[in-house]
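**Q** Please see the structure below; I have some questions.
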Amino acid sequence: MDTNQDTLLFRFASKSLKYFLLVLFGIAIAYVLSSGLGIFQIIPILLYLLQQFLLPLGIILLCLMITAVILESLR
């Protein structure tokens with residue numbers, strides 16, 4: 001029995017999800033630190049990043065995860 005039975009799509013989707021969540025965690029830390037230290041100029045930049053880049057990327061990643069789960073369940 002092979003110990004690594006996951007498909008390439010599932011491994012790619014799970015690694016992408018891991019790094020996406022790490023980026024979100026980093027942005028959350030930057031937001032808390034900037035508001036705590038009184039550096040309010042970075043908050044609009046962080047919100048722009050969330051709206052323009054990370055929201056569409058999150059939707060694409062969600063679709064990728066759904067596709068990987070469906071293909072794994074059919075296999």
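**Q** Hey, can you rank 32-39, 12-19 by average C-beta count inside 10 Å, highest first?
**A** Averaged packing, sorted descending, gives the order 12-19, 32-39.
**Q** Same structure again: Could you give the nm distance between label points at Ile27 and Ile39, where each point is 7 Å from its Cα heading toward the beta carbon?
**A** If labels sit at Ile27 and Ile39, their model points lie 1.8 nm apart.
**Q** Could you tell me how many degrees, from 0 to 90 and to the nearest 10, lie between the Cα long axis of helix 8-37 and the main elongation axis, the longest principal axis, of the Cα atoms of the chain?
**A** That helix lies at roughly 10 degrees to the long axis.
**Q** Let me ask something else. I'd like the per residue volume of the convex hull spanned by the Cα atoms of the chain, given in cubic angstrom.
**A** Measuring per residue, one finds 81 Å³ for the Cα hull of the chain.
**Q** Which value in deg cm²/dmol, rounded to the nearest 500, describes the helix-derived mean residue ellipticity at 222 nm for the chain, given -39,500 (n - 2.57) per DSSP H run of n ≥ 4 and division by the residue count?
**A** Dividing the helical sum by the residues of the chain leaves -26000 deg cm²/dmol.
**Q** For the chain, find the longest principal axis of its Cα atoms and tell me its angle to the long axis of helix 55-74, 0 to 90°, nearest 10.
**A** So the helix axis and the longest Cα principal axis differ by about 20 degrees.
**Q** Find the relative contact order for the chain and round it to a whole percent, using C-alpha pairs within less than 8 Å whose residues are 6+ positions apart.
**A** 52 percent.
Every read-out reported here was derived from the displayed coordinates using simple, explicitly stated rules and does not represent laboratory data. All values reported here derive from a predicted model rather than from experimental measurement. Here the Cβ is made from the backbone with ideal geometry for all residues, glycine too, and neighbour counts use every protein chain on show.
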